[in-house]
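**Q** Quick one: the structure is below, and I'll ask about it shortly.
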Amino acid sequence: MSPTSGSRVLCDCVHCEHRSLRMFCNLDSNALVEFDTLGVHSEFQSGTIIFEEETPVGNVLVMCNGRVKLSSTSRQGKTLILKIALPGDVLGLGAVMSGSRYEVTAETIEPTQVKAIPREEFLAFIHKYGEASLHAAQALSEEYRTAFFDARRLALSVSAASRLASLLLEWGRAAAHGKTEMRFTMALTHEDLANLIGTSRETVTRMLGKFKRDKLILMRGATIVILAPDKLELMAA
């Protein structure tokens with residue numbers, strides 16, 4: 001589905017509360033005012049595919065609200081979830097910069113707002129503003145860093161429990177924004193979690209139950225609270 005096929009909504013980049021949380025949008029006033037005029041804001045319902053891997057690149061998408069699942073599927077039909085994108089993340093940046101095809105499929109896991117900027121418009125913007133160009137390079141570097149740590153977690157973690165502990169801590173810290181309490185909404189299914197950490201759905205269900213019984217986490221519906229981050233940290237090491 002084209003990013004511009006969602007319903008039109010109003011977003012304000014200048015006063016966005018998420019701007020300081022992610023690198024690319026944290027621009028100086030002149031660049032930010034112009035950035036606010038670029039592209040089209042759209043809203044998508046949960047379960048919408050924004051773009052698919054191996055399709056020609058058209059837009060770079062900046063996350064305004066919501067969460068998006070980035071995944072890749074093998075020829076045998078096996079799906080690997082690579083990342084859960086959050087507000088402020090830039091989707092399709094590598095493909096837009098290189099002029100290639102999208103490397104992943106982007107699917108919303110909750111109602112999501114994005115800012116879709118055509119490739120040529122985006123490239124002209126980062127060419128005009130050196131700060132934006134630097135932030136784009138830093139965002140690409142962060143994508144590489146995330147991919148590296150995810151690959152290391154899958155390859156070197158001794159158990160599925162350690163990989164799950166590491167993932168829960170990562171999400172808890174991201175949701176906390178520096179606060180003490182680590183609380184977040186789990187929008188993924190147990191099958192999705194299994195794809196993220198390289199195990200089975202049954203194993204994920206069993207481990208979450210054990211974490212809950214051991215009072216490492218608190219689960220209330222889709223909400224998860226990290227109760228013992230120090231113990232999860234030891235488990236993830």
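The values are calculated or read from the model by the stated rules, or taken from the named source; none is laboratory data. Here the structure is a predicted model, which is why all the values come from computation and not from measurement. Backbone-built Cβ (ideal geometry, glycine too); neighbour counts: all protein chains shown. Only protein heavy atoms, including side chains, enter the accessible area calculation; ligands, DNA and RNA are left aside. Shrake-Rupley method; radii C 1.70, N 1.55, O 1.52, S 1.80 Å.
**Q** When a/c is below 1.5 the answer is rounded, else prolate if a/b is larger than b/c, else oblate, so apply that to segment 32-125 with a ≥ b ≥ c taken from the square roots of the Cα gyration tensor eigenvalues.
**A** oblate
**Q** Which shape class, rounded, prolate or oblate, goes with segment 60-169 when its Cα gyration tensor gives a ≥ b ≥ c as root eigenvalues, a/c under 1.5 marks rounded, and past that a/b bigger than b/c marks prolate?
**A** Verdict is prolate for segment 60-169.
**Q** First select every other residue whose beta carbon is under 10 angstrom from the beta carbon of Asn59; then total the charges, Lys and Arg +1, Asp and Glu -1.
**A** +1
**Q** Something else now. According to the square roots a ≥ b ≥ c of the eigenvalues of the Cα gyration tensor, what is the shape class of the chain, taking rounded for a/c under 1.5, prolate for a/b larger than b/c otherwise, and oblate for the remainder?
**A** Because a/c hits 1.5 or more and a/b exceeds b/c, the chain counts as prolate.
**Q** Something else now. Within segment 120-237, what whole-number % of the accessible surface is contributed by carbon and sulfur, with the 1.4 Å probe and all protein chains included in the calculation?
**A** In segment 120-237, the share of accessible area belonging to carbon and sulfur is 57 percent.
**Q** Next question, about the same structure. Please find, in a Gaussian network model of the chain (springs between Cα atoms separated by less than 10 Å), the residue of Leu227, Leu70, Leu86 whose mean-square fluctuation is greatest.
**A** Of the options given, Leu227 has the highest mean-square fluctuation.
**Q** Please give the per residue accessible area of the chain, computed with a probe of 1.4 Å over protein heavy atoms only, in Å².
**A** I get 52 Å² per residue for this part.
**Q** Report the calculated FRET efficiency for Ala222 and Thr37 (r = Cβ-Cβ distance, R0 = 30 Å), to the nearest 0.05.
**A** 0.25
**Q** Additional query: Please tell me the relative contact order of segment 55-125 in percent, rounded to the nearest whole number, where contacts are Cα pairs under 8 Å and at least six residues apart.
**A** 48 percent.
**Q** Where does the charge balance sit around Glu121 when Lys and Arg score +1, Asp and Glu -1, over other residues with C-beta under 14 Å from its C-beta?
**A** With Lys, Arg at +1 and Asp, Glu at -1, the neighbours total 0.
**Q** Within the set of other residues whose C-beta is less than 10 Å from the C-beta of Arg101, count the net charge using Lys and Arg as +1 and Asp and Glu as -1.
**A** -4
**Q** Could you let me know the centre-to-centre spacing of segment 63-123 and segment 181-200, using Cα atoms, in angstrom?
**A** 18 Å
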